[in-house]
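K.L.:
Supplied in structure tokens, the structure appears directly below.
The values are calculated or read from the model by the stated rules, or taken from the named source; none is laboratory data. Predicted model, so just to flag it, every value in this text is computed and none were measured. Cβ sites come from the backbone with ideal geometry, for glycine too, and all protein chains shown count toward neighbours. Quick note on the areas: whole protein, heavy atoms, side chains included, nothing else; ligands and nucleic acids left out. Shrake-Rupley method; radii C 1.70, N 1.55, O 1.52, S 1.80 Å.
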Amino acid sequence: MSIPIVNHSLKYNPALDGLRGIAISLVMLFHIWPEYFSFGYVGVDIFFVLSGFLITQIIYTKLRSNSFSFKEFYRNRIRRIFPAMIIVVLTTFLIGYLFLFPSELEQLGKHIKSSAFFYQNFRLIGEVGYWDDAAQLKPLLHFWSLSIEEQFYIFWPLIIFIFYKLRVNLFISLLIIFLLLITIPLLINIDPFYHSLSRFWELSFGGLIYASTTKFNNVKQICKSQWIIFMVFLLSIGFAYENNAFDLMKTLLIVITTGLLILNISLQPDHKILSVPPLVFLGLISFPLYLWHYVFMSYMHIFGLESQSYGMWVVGFSIFISYITYRYIEVYARRQTSYKFAFLLFTMALVVGFLGQYTYKQKGLPGRNHLSKNNKFNKQFIRTPATDKIGVSLITKILGHKPTNNYIKATSNDLSKKFIVILGDSHAHTSYPGFAKEFNKQGYETLLLANSSCPPYIGGAMGKNLSDVQKCEKKILDMQTVLNNIPKLKKVIFVTRGPCYMYDIGYGIVDGGGKPDNYHFKNFFTNRTSYDQKEQFFDVVENTFKQYNDNNTFNFYYLLEDPELGFSPKNCMERPFGLFPSECKLKFTDYITRAGEYRSNIKKISTKYLNIHLLDPKDLYCDNSYCYAIKNGKMLYADDDHHSIDGSDVQAKYFMKDIMYDF
């Protein structure tokens, strides 16, 4: 497959493209087979250092030859970045328009705007973690790194220009900049992965590496250590194995070794490994390949296909379409020297961004004719608001301060009325609408009081670190205070996840893919050597049952978790044109394998306490062969484990006789 080499601002070095080839290979392997190539995410860090090196070299070389122009610099950036970006984003939108449901396309619209305007990294802060499985359902998530690079290009040329005009030492100046940038995320509380100020230091280190070639005459001695540097580079990649969070020290290691390797190959272009044709080829198409492969992989997840099973097809097709993009779009665009052409590309990017904004504002274009048959089901995937004014008013009245709990709703703030409280986590939140409706028919008010990933077990605060646990403890204490201060509290219904807390592992690829959630009880952080998550879970369940059993002022109900699907119920709906069908059911044996130990132990503990009543949803969802996401034409799930609006109603009606028997 012949591939042309476009004109470069600098003398072409194939080994640098070979390094790009390694970086894009790592990223693809990580995205498609994360369980085997957990270290592959460092490919982005390699790209950052390489970009910082090259952009600094281009700017400084042109300054020294008195040929640098800001206008030309940004024209070249537009020619380099915008053509592939526009094609990929528009294709992503077209696929979404044809196959995504309105809620999915609405989210994609937001991401199209932030990707086209290069602030996708800020969009993702607080929305999804890079290692979260939900990340795989965002086709443009990977634009976070492109956004950081483009933001860096805004101010970096000006910094280099100022240093050059002031005739200051470039190496010393960039060393100071690097030290300042790497210190920022240590001093201020910002997202360590997505925030630009958490990443600019990596690009600046690439600039520092180039500056070293202008400062020191003996850097050529590094060529004698070619193989040592390359081996240390590979080892630094290996240190990232099984990492599932941003680690500054591991990142610093890969950045330093990448910088040394770049310094080596910039002085010795005929690197025996990095100059091999397959790596150079991948490097030449690395930019479109980075953009395309994640879009394809993400859509496979959205459509319920296992990308791991089709991984080789994803790789092969991504390489093919990336070659076409490079050969017939990138090469053409980079040969155009007209500023009018660059302005046209800039205008097209603006149009793409506004297209995303329009799609978002129109709620994902629900009026598309080819989606009409799924309108009823699609409404089930919309989560109700987490709080309402009545609930917050009621809890504030009791506590004397504004509550910190995540889910607070109520049908009344009049404490003289009879209340039933729905207590728990996010599962309590999705159970609330149905129960509130049914209890209202019986003349009772309902209060929802729940936390996100902080189940209110007595002595069972959880979190990813000790600080999280302490916040959770405070929330649980406030919940107990509320329960103790509702005069006519008649019943408490406790609704939380089960096996997830017990095993610290979600279920199915949409819920962690078998990877730990890293939510632990307090003992994990204070006495890790003897910690057992499963044992701790059942201990806090028993503590909770004992306390509520001893409280004779209200009846206590524990709702066993509904079957975890292990897949997204959105795939139960018929995608347009009859593609990507799903059976929309879980084998009963798989459900029992996952939840059997949880169910049997909870039942065993509950038999010790007369005031603990179990609500078992098994027969609501399952027969002897399968558990179903859709029953009697109603979608029961909003995602792989939470109830939909209809599911909440169906569940409430199913349990009303058991709950209201003594009223």
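K.L.:
Send over a whole-number figure in Å² for the accessible area per residue of the chain, probe 1.4 Å. Before the final figure, lay out each step's value.
P.N.:
Details: 28140 Å² over 663 residues.
Value returned for the chain: 42 Å² of accessible area per residue.
K.L.:
Return the distance in nm (one decimal) between the two label points of a simple spin-label model at residue 587 and residue 467, each offset 7 Å from Cα along Cα→Cβ.
P.N.:
Distance between label points: 4.4 nm.
K.L.:
Let me ask another. Say the dipole of region 58-155 comes from +1 at the beta carbon of Lys and Arg and -1 at that of Asp and Glu; which of 103, 140, 130 then lies farthest toward its positive end?
P.N.:
Highest projection toward the positive end goes to 140.
K.L.:
Angle check, please: helix 286-302 long axis (alpha carbons) against the longest principal axis of the chain (alpha carbons), in degrees 0 to 90, nearest 10.
P.N.:
20
K.L.:
Apply the Karplus parameterisation 6.51 cos²θ - 1.76 cosθ + 1.60, with θ equal to phi minus 60°, to every residue of region 591-597 and state each ³J(HN,Hα) to the nearest whole Hz, in sequence, with x for glycine and proline.
P.N.:
4, 5, 4, 6, 10, x, 5
K.L.:
Among DSSP bridges having both ends in the chain, what percentage is antiparallel? Round to the nearest 5.
P.N.:
Working: 14 of 36 bridges.
If we restrict to bridges inside the chain, about 40 percent are antiparallel.
K.L.:
At 222 nm, what helix-only mean residue ellipticity would the chain give, in deg cm²/dmol to the nearest 500, using -39500 (n - 2.57) for each DSSP H run of four or more?
P.N.:
Computed mean residue ellipticity for the chain: -18000 deg cm²/dmol.
K.L.:
With just the Cα atoms defining each centre, how far is region 607-641 from region 422-462? Give it in Å.
P.N.:
17
K.L.:
Give the carbon-plus-sulfur fraction of the accessible surface of the chain in %, rounded to a whole number; probe 1.4 Å, heavy atoms of protein chains only. Mind showing how you got there, number by number?
P.N.:
Details: 16350 of 28140 Å².
Roughly 58 percent of what the probe reaches on the chain is carbon or sulfur.
K.L.:
Pull out the extension gain between residue 187 and residue 579, defined as 0.36 nm times the separation in residues minus the alpha carbon to alpha carbon distance; nm, one decimal.
P.N.:
Details: separation 392, 0.36 × 392 = 141.12 nm, distance 5.05 nm.
136.1 nm is the gain from fully extending residue 187 to residue 579.
K.L.:
Now a separate question. Please report Rg (one decimal) and Dmax (integer) in Å for the Cα set of the chain.
P.N.:
28.4, 90
K.L.:
Another question about this same structure. Amide H neighbours of residue 494 under 5 Å, counting only residues 5+ apart in sequence or on other chains, H built in-plane at 1.01 Å?
P.N.:
Under 5 Å from the amide H of residue 494: 423, 557, 558, 559.
K.L.:
Report the Rg/Rh value for region 89-190, based on alpha-carbon coordinates and the Kirkwood definition of Rh. List each step's numbers first, then the result.
P.N.:
Working: Rg = 18.4 Å, Rh = 16.2 Å.
Over the Cα atoms of region 89-190, Rg/Rh equals 1.14.
K.L.:
Here's a follow-up. Charges at C-beta only: +1 for Lys and Arg, -1 for Asp and Glu. How large is the resulting dipole of the chain about its Cα centre, in Debye rounded to 20?
P.N.:
Values: 67 positive and 51 negative charges, 444 e Å.
Its charge dipole is roughly 2140 debye.
K.L.:
Ranked highest first by the average count of other Cβ atoms within 10 Å around their residues, in what order do 612-623, 12-23 fall? Don't skip to the answer; put the middle values down first.
P.N.:
Numbers: 612-623: 16.7, 12-23: 22.5.
For the peptides 612-623, 12-23, the packing ranking is 12-23, 612-623.
K.L.:
A further question on this structure: With an 8 Å cut-off on Cα pairs and a minimum separation of 6 or more residues, tell me the relative contact order of the chain in percent.
P.N.:
Values: 1065 pairs, mean separation 103.3, N = 663.
Relative contact order comes out at 16 percent.
K.L.:
Hey, another quick one. If each residue of separation counts as 0.36 nm, what is the full-extension length gain between residue 234 and residue 535 once their alpha-carbon separation is subtracted? Don't skip to the end; give the middle numbers.
P.N.:
Values: separation 301, 0.36 × 301 = 108.36 nm, distance 4.04 nm.
Once the chain is fully extended between residue 234 and residue 535, it gains 104.3 nm.
K.L.:
Rg to Rh ratio, region 38-163, alpha-carbon atoms and Kirkwood radius?
P.N.:
Values: Rg = 17.1 Å, Rh = 16.3 Å.
Over the Cα atoms of region 38-163, Rg/Rh equals 1.04.
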